[in-house]
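Visitor: What follows is a structure written as structure tokens; I'll ask about it next.
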Number of protein chains: 2
Amino acid sequence: MDRPSKSGVREIARRAGVSLGTVDRALHGRQEVSEVTRERVLAVARELGYQPNLTARALAAGKSTIRIGICIPREIRFFYDQVRDGILEEIQRYSHLGLEALYEPVPSLGVGEAAAMRRMMKQDVRAILLTPGHPAQLAPLIDEAEKKHNIRVVCLASDDSTSARSTAISVEPRLNGTLAAELMARITPHAARVAVFTGMLATEDHARKVQGFVSGFQRESPAGQIVAVVEDHQEERQTRRKCAQLLKAQPDLAGIYISTANCLPVCETIEAHSAAGRVRVIATDLFVDAVPFFQRGVIAASIYQHPYLQGQTAVRLLVDHFLQGAPMPNAHYLNPSIVLKANLPLFREIAG
Amino acid sequence: MDRPSKSGVREIARRAGVSLGTVDRALHGRQEVSEVTRERVLAVARELGYQPNLTARALAAGKSTIRIGICIPREIRFFYDQVRDGILEEIQRYSHLGLEALYEPVPSLGVGEAAAMRRMMKQDVRAILLTPGHPAQLAPLIDEAEKKHNIRVVCLASDDSTSARSTAISVEPRLNGTLAAELMARITPHAARVAVFTGMLATEDHARKVQGFVSGFQRESPAGQIVAVVEDHQEERQTRRKCAQLLKAQPDLAGIYISTANCLPVCETIEAHSAAGRVRVIATDLFVDAVPFFQRGVIAASIYQHPYLQGQTAVRLLVDHFLQGAPMPNAHYLNPSIVLKANLPLFREIAG
DNA sequence: CTGAAAGCGCTAACAA
DNA sequence: TTGTTAGCGCTTTCAG
């Protein structure tokens, strides 16, 4: 693979007829070097196929040069925890290359994110990873971080593509919906009547999931019908009430797709109406409290959005970017998984 | 998190009243140090909560101290390629810590593996990653590598747990079967009659997949019936013939689970008999030639065994083991994924 | 068996 | 603008 048997800064310096310091300055595009010498040094480096030794670089540069700010809701055992674990563990793996975490959690999604971002910006972070609760509101701050402070902002789980954020990592909401739809079409009888529960259609993510489900279900089950799209604002009482109404109004309902993590009240209502089994439920994501509903056959499947992997991927993109100079993709979409009873125990939320 | 503000070998040496060299020898359990000094040094290290700086270690030890042998069938665009890519890319990511790949491919599964292993053993590898075609036959050699040469042997995709291999990474075959069974039970009508295609039941992996499917299907579809378990020895002509026979003998067949990657001949035979759609096919793994069958609705789903991730995981386990001293788990089981038409484009075999 | 000293490849502080 | 030099924390000779 590798051609150059020995080509370090030393060799470059020798061939370009300059000193180590100059090579370093040229390589890093610092200002204290003349245009012409820089060109020459870079030419030699290119010719030699110079690959910096990251180990030596990290060692010489001293510890914790790359501080990464993390702004994620503090939870216990849920989605955002997994995201955070993925981030922190991956940063840990790269700590020897100087990665360091600055954890500034917010109490819950969308609360205090701006303040947390400001705090991080003051502490010399090179990147900020955040799960924006209201992406649009945060956009100006994201733009400021990116443009004024040269901080790479990575959105996780949710996105605002109109802001200047460097990249976003998520399962494409529309794909969530189409995958659920295809599965729903397969597991329900012919000409099935199904419904969707969502949070608020005003939220872009929610709306796109629903759109994906609607168009996917129509395609995969032409004889089927979507009889209701219920907005529950993720409030438990509202969910129960609307679910009960739905079950009463649609006695032959064959399936429900819940596009948020709010499946518990739906499942309980279904059981209370003795509709378990007849109404196939496809949920979203995973947490221990949902396990009994899988076991009792209330939840047929769940669309899993790989929170841990989202966090891990974010860090890997940053490592490639900062350490290898790789460009950041505009967005990175992960492949969701389907959870059934059989593979349930292997997901990290359940395995412990 | 971290207590010790400064505790390197230097500090240990100072506190233990010895020199750097002695600390190093003690820390690495080399022989040229007296029992008593070593104890003392280790005690100080423990007390200080000493964590070696991997960067400095890699830099000082020089490049490529940890050579990893890779013995995997050479393919184009298939399962083992993905495994190999996962391994090589992850080794690349850790090259700065001294990881180096020694790639000794075999022409096909089970051919020349012993010779390849012997070659690697002579080239001073610290670990061997292999996908054993006939695990039992290789066992003595694996034992020799582990015990005589102190080489960590990691089995991928397939396992021989009776050998002395350090660990094995795979999707548990039984889980493959039960997951396919649960899905089959959901997507077929009540009291469905289904069949299984496998390679050879004499192969442990194949047998366990079938067992998983049989018991899972009985549990999830008590009224259903498994009308045939077909051994096709993964030979195309045999597969076609037996599949045609099956379709003729079982005109009301509702589903086929193919537990090997040999789905193409089955799908083609089904289409030739105009049975597409009526017979739901659940396949195993993924490759581009299968895509049209997904699109035409012949293959309803596939159980994906994450070949790339298997390779990547193997390397990560080795990194943790060699660099952090973590014990290797006896086996590492990955969570299989379900491929549907909707998420098909996101798998790396298809995305390119 | 132990100590002293010379780097690994790179960055950064200080001179020139 | 450029060159020189001293390390980063560890391993590894080579003497003692």
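What follows is calculated from the coordinates using simple rules that are stated; it is not laboratory data. These figures come from a predicted structure and were not determined experimentally. So basically every Cβ, Gly included, is an ideal-geometry build from the backbone, and we count neighbours across all protein chains shown.
Visitor: Give, to the nearest whole percent, the P(r) tail of the stretch B:6-52 beyond 13 angstrom, counting all Cα pairs.
Guide: Numbers: 444 of 1081 pairs.
Tail of P(r) above 13 Å: 41 percent of Cα pairs.
Visitor: I need two numbers for the stretch B:186-227: Rg to one decimal and Dmax as a whole number, Cα atoms only, in Å.
Guide: Values for the stretch B:186-227 (Cα only, Rg and Dmax): 11.0, 32 Å.
Visitor: Could I ask something else about it? Rounded to two decimals, what ratio of Rg to Rh does chain A give with C-alpha atoms and a Kirkwood Rh?
Guide: Rounded to two decimals, Rg over Rh is 1.10.
Visitor: May I pose another question? Suppose you put the label 7 Å out from Cα in the Cβ direction; list, shortest first and in nm with one decimal, how far A:Thr65 is from each other copy's label.
Guide: 2.2
Visitor: Assuming 0.36 nm per residue, please report the length gained on full extension of the stretch B:Arg119 to B:Glu204 beyond their Cα-Cα distance.
Guide: Going from the current span to full extension adds 27.8 nm.
Visitor: For the protein assembly as shown, I need the span (max minus min coordinate) of the C-alpha atoms along each principal axis, in Å, sorted largest to smallest.
Guide: 79, 63, 55
Visitor: Given the pairs A:Lys209/B:Lys341; A:Lys341/B:Lys209; A:Lys341/B:Lys341; B:Lys147/B:Lys209, which are separated by over 24 angstrom at their Cα positions? Provide the component values of the computation, followed by the final result.
Guide: Values: A:Lys209/B:Lys341 17 Å; A:Lys341/B:Lys209 17 Å; A:Lys341/B:Lys341 21 Å; B:Lys147/B:Lys209 31 Å.
Distance filter (> 24 Å) returns B:Lys147/B:Lys209.
Visitor: Would you tell me the mean number of C-beta atoms belonging to other protein chains that fall within 10 Å of each C-beta in B:179-188, as a whole number?
Guide: Mean number of neighbouring Cβ atoms from other chains: 4.
Visitor: Right, something else. Among B:Val125, B:Leu138, A:Ala13, which residue has its Cα furthest toward the positive end of the charge dipole of the protein assembly as shown, with +1 on Lys/Arg Cβ and -1 on Asp/Glu Cβ?
Guide: The listed residue farthest towards the positive side: A:Ala13.
Visitor: Please list 3J(HN,Hα) in residue order for the stretch B:24-34, calculated via the Karplus relation 6.51 cos²θ - 1.76 cosθ + 1.60 where θ = phi - 60°; whole Hz, with x for glycine and proline.
Guide: 4, 4, 5, 4, 9, x, 6, 7, 7, 8, 6
Visitor: Treating only the Cβ of Lys, Arg, Asp and Glu as charged (+1, +1, -1, -1), what charge dipole size does the stretch B:6-52 show about its Cα centre? Round to the nearest 20 debye. Walk me through the numbers before you get to the answer.
Guide: On the way: 9 positive and 6 negative charges, 32 e Å.
Taking the Cα centre of the stretch B:6-52 as origin, the dipole is about 160 debye.
Visitor: To the nearest 0.05, what FRET efficiency results for B:Tyr333 and B:Ala136 with a Förster distance of 25 Å applied to their C-beta separation?
Guide: On the way: r = 21 Å, r/R0 = 0.83.
The pair B:Tyr333/B:Ala136 has a calculated efficiency of 0.75.
Visitor: Per-residue mean of other chain beta-carbon atoms within 10 angstrom of the beta-carbon, peptide B:89-99?
Guide: Taking the mean over all residues of the peptide, I get 3.
Visitor: Based on DSSP H runs of at least 4 residues, each adding -39500 (n - 2.57), what is the mean residue ellipticity at 222 nm of chain B after dividing by all its residues, to the nearest 500 deg cm²/dmol?
Guide: Theoretical 222 nm ellipticity from helices: -14000 deg cm²/dmol.
Visitor: Which value in nm describes the separation of the simple spin-label points at A:Asp252 and A:Glu39, placed 7 Å from the Cα toward the beta carbon?
Guide: Between A:Asp252 and A:Glu39, the label points sit 7.9 nm apart.
Visitor: So, one more: Which ³J(HN,Hα) values in Hz, rounded to whole numbers, follow from the phi angles of the stretch A:256-267 under the Karplus curve 6.51 cos²θ - 1.76 cosθ + 1.60, where θ = phi - 60° and Gly and Pro get x?
Guide: These are the phi-based 3J(HN,Hα) values: 10, 9, 9, 8, 10, 7, 8, 8, 4, x, 5, 4 Hz.
Visitor: For the stretch B:78-89, take each phi angle, set θ = phi - 60°, evaluate the Karplus expression 6.51 cos²θ - 1.76 cosθ + 1.60, and give the result in whole Hz per residue in order, putting x for glycine and proline.
Guide: Coupling constants for the stretch B:78-89: 10, 3, 5, 4, 5, 4, 4, 4, x, 5, 5, 5 Hz.
Visitor: Further question on the same structure: Per-residue Cβ counts within 10 Å, from other chains only, averaged over A:331-343: what number is that?
Guide: Taking all residues of A:331-343 together, the mean is 6.
Visitor: On a 0 to 90° scale, report how tilted helix B:35-48 is relative to the longest principal axis of chain B, with both axes built from alpha carbons and the result rounded to the nearest 10.
Guide: 70
Visitor: A further question follows. Based on the mean of other Cβ atoms within 10 Å per residue, sort peptides A:187-194, B:89-96 so the most packed one is first.
Guide: Those peptides, ordered most packed to least, come out B:89-96, A:187-194.
Visitor: Still on this structure: Which Cα, out of B:Gln305, A:Ser34, A:Asn53, lies furthest along the positive dipole direction of the protein assembly as shown (beta carbon charges, K/R +1, D/E -1)?
Guide: A:Ser34
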